[in-house]
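As structure tokens, the structure follows; a few thoughts come after it.
The values are calculated or read from the model by the stated rules, or taken from the named source; none is laboratory data. What you see is a predicted model, and the numbers here were worked out from it, not measured in a lab. With ideal geometry, Cβ positions are generated from the backbone for all residues, glycine too; neighbour counts draw on all protein chains shown. Only protein heavy atoms, including side chains, enter the accessible area calculation; ligands, DNA and RNA are left aside. Shrake-Rupley method; radii C 1.70, N 1.55, O 1.52, S 1.80 Å.
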Amino acid sequence: MASAHLAGDGGLDDRVPFLARLEDEDGAALRALGRELSFAPRAPLIHQNEPASHVLLILHGWTKVTASAANGYEALLALRGPGDIIGESAAVTGRPRSATVTALEPVRAIAVEQERFHAFLSRVPAVAFQLLALTADRTRAADRRRLEFASMSVRERLAVLLQDLARTHGRRTEQGIEIAVPLTKQELAGAVGASREMVQRQLKQLRDREVVVTGRRALVIVRPDVLRRIAESQDEG
């Protein structure tokens, strides 16, 4: 499964994970430079503001990328999964980490030390080019989503987010489309730039209309057609 970028839907390009962009031998050589680590659910892989020392290549499991403001507000920026690279921006620039990455489920990843990663990029320019292309795709998708969200209500932004999650992390059940990654209401709020209370009210309205069913870190979309109408501003609720 490709990575899900909550800051943009942007077609396929911004969802193709880093390792899938590389030639097989280049990917194998990069993985061979590091050591494998395991992380339990809700364990941090990297911390915002810490110095960069390595990059991580995710082999298995899904993570969330969050950034905290000075007032404590936490924004959910992206989900990263198998094949994705994390921590690359700080490793390349030498600046502190710009976000925290946390495991949503058991995660296995390869840690490649910063110096080894730099040297590998210098030796294999095709990999450096693919890293640049990945960064550009993510930035373009984030810009597109910011522009789209600027004209939307919280209700519409939440509907778009749930549609995105259904496409990238949905699995069919008897009830409907279950979102297969465990996200809290605070994390959903951070993804749409709203307060937890506002998102809670919007989810209650969707539950009352039997559009979704929610539980503890569980969400099932029963009526995707209604979400689509809300996202397209064609539903008055």
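Residues in segment 30-79 that are within 17 Å of PHE117 (Cβ to Cβ), out of contact with any Asp or Glu (no Cβ under 6 Å at 6 or more places or on another chain), open to solvent by less than 60 Å² (accessible area, probe 1.4 Å) and part of a strand (DSSP E or B): LEU37, LEU45, ILE46, LEU56, LEU57, LEU59.
Could you please find all residues in segment 118-131 being surrounded by 13 or more Cβ atoms within 10 Å (Cβ to Cβ) and in a helix (DSSP H, G or I)?
HIS118, PHE120, LEU121, VAL127, ALA128, GLN130, LEU131
Before we move on, is ALA128 at pLDDT 95 or above and in contact with a Leu (Cβ under 7 Å, 6 or more places away or on another chain)? Walk me through how you get there before you give the answer.
Details: at pLDDT 95 or above: yes; in contact with a Leu (Cβ under 7 Å, 6 or more places away or on another chain): yes.
In short, yes.
Being within 12 Å of the chain's Cα centre (by Cα) and not acidic (Asp, Glu) holds for only one residue in PRO51, PRO82, PRO44, and it is PRO82. Just a yes or no: is a residue in segment 204-213 buried (at least 17 other Cβ atoms within 10 Å of the Cβ) and part of a helix (DSSP H, G or I)? Yes; the residues of segment 204-213 include at least one that is buried (at least 17 other Cβ atoms within 10 Å of the Cβ) and part of a helix (DSSP H, G or I). Taken over segment 84-109, the criterion of being under 24 Å from LEU165 (Cα atoms) and either of a type in the set (Asp, Glu) or crowded, with 20+ Cβ neighbours inside 10 Å (or both) is satisfied by ASP84, ILE85, ILE86, GLY87, ALA99, THR100, VAL101, ALA103, LEU104, GLU105, VAL107, ALA109.
On the stretch given as segment 134-155, residues that are touching a helix residue (DSSP H, G or I) at 6+ places or on another chain (Cβ under 6 Å), open to solvent by 10 Å² or more (accessible area, probe 1.4 Å) and touching a residue at least 60 places away in the same chain (Cβ under 8 Å) total 3. Of the listed requirements (1) open to solvent by less than 20 Å² (accessible area, probe 1.4 Å); (2) more than 21 Å from the chain's Cα centre (by Cα); (3) within 21 Å of MET152 (Cα to Cα), MET198 misses just one: (1).
Being out of contact with any Phe, Trp or Tyr (no Cβ under 6 Å at 6 or more places or on another chain), under 24 Å from ALA78 (Cβ atoms) and either of a type in the set (D, E, K, R) or surrounded by 15 or more Cβ atoms within 10 Å (Cβ to Cβ) (or both): is that true of ALA218 here? Against the criterion (out of contact with any Phe, Trp or Tyr (no Cβ under 6 Å at 6 or more places or on another chain), under 24 Å from ALA78 (Cβ atoms) and either of a type in the set (D, E, K, R) or surrounded by 15 or more Cβ atoms within 10 Å (Cβ to Cβ) (or both)), ALA218 does not qualify.
Among the residues of segment 176-192, just one is at pLDDT 90 or above and assigned to a loop (DSSP other than H, G, I, E, B), namely GLY176.
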